[in-house]
Amino acid sequence: MNNRSLLVVDDSATFRQLLCMSLARVDGISSSNITEASDGAEAYNKVKERHFDLVLTDINMPNMTGLEFLDKVRNELHQNELPIIIITTKGADDDVNAGMQLGANGYLSKPVSMMQLKDLIKNYLK
């Protein structure tokens, strides 16, 4: 699981920072391999430009939501093998179903248990 590249997408700089610090403690992930994006449009451009082993994205963001980002990655870039996990405050069943139907690999509601997040990430980065 060494040198895995992750993309963290959230419009909250504070949450991105917290998430990145937590991810850097996961075995095989270094802070230099974590890229940040502040919205779905920025994330989409980064996914077009380079390879990532895993994406963690929020739903509610300006310019392009996490669901729109997910849809574009799956249907325009045809990156169906890229694991995308949604992390959001929108934890209603409809939101979960929408994300999973668009091809999300996992879904966590904020506040996120870092232990649960680390287990989920390790699962996808075996």
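The values are calculated or read from the model by the stated rules, or taken from the named source; none is laboratory data. Bear in mind that the values here come from a model prediction, so they are computed numbers and not experimental data. Here the Cβ positions follow ideal geometry from the backbone for every residue, glycine too, while neighbour counts run over all protein chains shown. Surface accessibility is based on the protein's heavy atoms, side chains included, excluding ligands, DNA and RNA. Shrake-Rupley method; radii C 1.70, N 1.55, O 1.52, S 1.80 Å.
What residue, among those in segment 36-54 that are among the aliphatic types (A, V, I, L, M) and in contact with a helix residue (DSSP H, G or I) (Cβ under 7 Å, 6 or more places away or on another chain), is surrounded by the most Cβ atoms within 10 Å (Cβ to Cβ)?
Our first condition is that a residue be among the aliphatic types (A, V, I, L, M); within segment 36-54, this holds for 37, 41, 43, 47, 54.
Subsequent filtering for residues that are in contact with a helix residue (DSSP H, G or I) (Cβ under 7 Å, 6 or more places away or on another chain) retains 37, 43, 47, 54.
Working: Ala37: 22, Ala43: 30, Val47: 22, Leu54: 22.
Among those residues, the one meeting the criterion is Ala43.
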Residue list for segment 1-19, restricted to those being open to solvent by less than 70 Å² (accessible area, probe 1.4 Å) and either in contact with a Phe, Trp or Tyr (Cβ under 6 Å, 6 or more places away or on another chain) or of a type in the set (S, T, N, Q) (or both): Ser5, Leu7, Ser12
Segment 29-50 residues that are within 23 Å of Asn3 (Cβ to Cβ), paired with ones that are in a helix (DSSP H, G or I) and β-branched (Val, Ile, Thr) (beta carbon under 6 Å, 6 or more apart): Val47/Val73
Selection within segment 20-32 - surrounded by 17 or more Cβ atoms within 10 Å (Cβ to Cβ) and either at pLDDT 90 or above or of a type in the set (Asp, Glu) (or both): Cys20
Answer from Tyr107, Tyr124 - the residue that is more than 17 Å from Asp10 (Cα to Cα) and in contact with a strand residue (DSSP E or B) (Cβ under 6 Å, 6 or more places away or on another chain): Tyr124
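Identify the residue in segment 82-126 that is among the charged types (D, E, K, R) and within 23 Å of Ile29 (Cβ to Cβ) and, among all such residues, is surrounded by the most Cβ atoms within 10 Å (Cβ to Cβ). Spell out the reasoning first.
Filtering segment 82-126 down to residues among the charged types (D, E, K, R) leaves 90, 93-95, 110, 118-119, 122, 126.
Pick out the ones that are also within 23 Å of Ile29 (Cβ to Cβ) and you get 110, 118-119, 122, 126.
On the way: Lys110: 13, Lys118: 16, Asp119: 11, Lys122: 14, Lys126: 6.
Among those residues, the one meeting the criterion is Lys118.
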Residue tally, condition at pLDDT below 95 and open to solvent by less than 10 Å² (accessible area, probe 1.4 Å), over segment 59-74: 2
